[in-house]
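Where a number appears in this text, it was derived from the coordinates with a stated rule and is not lab data. Since we're looking at a predicted model, the values are computed, not measured. FYI the Cβ positions are ideal-geometry reconstructions off the backbone, even for glycines, and counts take in every protein chain you see.
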Amino acid sequence: MPSFPPHLKRFSSSTTLAGQLALHLEGHLRRWLTPGDKGPRPLGLATGRTMEPVYAALVSRLLLWNEADLKRLRSLWCSFNLDEYVGLLPDHQGSYRHYMRERLGDPLQLPLEALQLPDGSADDTAAAARSYAADLQRRGGVGLQLLGLGSNGHVGFNEPPSDRDRSCHAVMLSPSTRLQNAMMFGGDPAAVPERAITLGLAEILAADEIHLVVTGPSKAAILARLLRLDGPDPSLPASWLLDHPNVCLWGDAASLA
Ligand code: GLP
């Protein structure tokens, strides 16, 4: 069993990391414009503080493209986010749909339906999870997957302990996750929804390439635990990435300290 991570990219700061990752993403999107046999596989996108500088750097780069290429990119764009809270209206400031519109959809003028997220406002949450998984499957599954790391080791909202074969599902969020994400809810963990819909490890591990992005001192402890493992451990969901042949860990000096 290989030890984690197969490919480690280390950066002095989260800003430098964001710039380099944006460059990689831009290259990936550039290849979308080259006609192939099949259309591009969807991008798998994450939310959270870690991704904010990445999306900002990506937007800056893409807005330098000529108008014809940008127009084509807009017509091809297809992304599936990892997760969404249950019970929030789509325009709620704390919803991931709002996050994606604000950071990527609006600045790039992407069609709303091009940014897919689970429907957290559906009455039947289990059915919404099944239909999201089916939509992703119909589009061929994720091509490039971006992942952040929860301070308890979650990826998406796959809370520990997590099963490798689980597909998109509804989940109860742990108190530590609600605390970690309280900032978008006025700093009050009790205001963070108790449930979410998340892609499972099954969909994540089916991606062609996976980029796990970890920044800041608050992730140092969980990252150190992950790096010590020599095989998957359900109590640390991100460790299932060891089962994937093409994973890259992007870390800054603070998280890798
Ligand atoms: C959150 C989200 C993930 C995110 C991760 C890291 O709870 N469900 O999609 O990638 O945890 O969040 P952050 O970047 O804010 O630390």
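Among 15, 215, which comes first, second and so on when ranked by fewest other beta-carbon atoms within 10 Å?
15, 215
What residue among 100, 184, 51 shows peak mean-square fluctuation when the chain is described by a Gaussian network model with Cα springs under 10 Å?
184
Applying 1/(1 + (r/R0)^6) with R0 = 30 Å to the Cβ-Cβ distance of residue 151 and residue 208, what FRET efficiency is obtained, to the nearest 0.05?
In this case the efficiency is close to 0.60.
By the scheme Lys and Arg +1, Asp and Glu -1, what is the net charge of all other residues having a beta-carbon under 9 Å from that of residue 91?
So the environment of residue 91 carries a net charge of +2.
Between residue 26 and residue 63, what is the label-to-label distance in nm when each label sits 7 Å out along the Cα-to-Cβ direction?
Simple spin-label model gives 1.3 nm for this pair.
In whole Å, what is the distance between the alpha-carbon centres of segment 123-168 and segment 34-59?
16
How much of the DSSP bridge set in the chain is antiparallel, in percent, rounded to the nearest 5?
Antiparallel: roughly 30 percent of the beta bridges in the chain.
What's the extension gain from residue 13 to residue 109 if we count 0.36 nm per residue and subtract their Cα-Cα distance?
My answer for the length gained is 31.6 nm.
With a 10 Å Cβ neighbour count serving as the proxy for reagent exposure, in which order, fewest first, do 243, 165 appear?
Ascending Cβ contact count within 10 Å gives the list 165, 243.
Efficiency by 1/(1 + (r/R0)^6): what FRET value for residue 191 and residue 131, r their Cβ-Cβ distance, R0 = 30 Å, to the nearest 0.05?
0.60
Tell me the label-point distance for the pair residue 228, residue 163, using the 7 Å Cα-to-Cβ offset, in nm and rounded to one decimal.
2.9
Put a dot 7 Å past each Cα toward the Cβ at residue 52 and residue 221; how far apart are the dots in nm?
2.3
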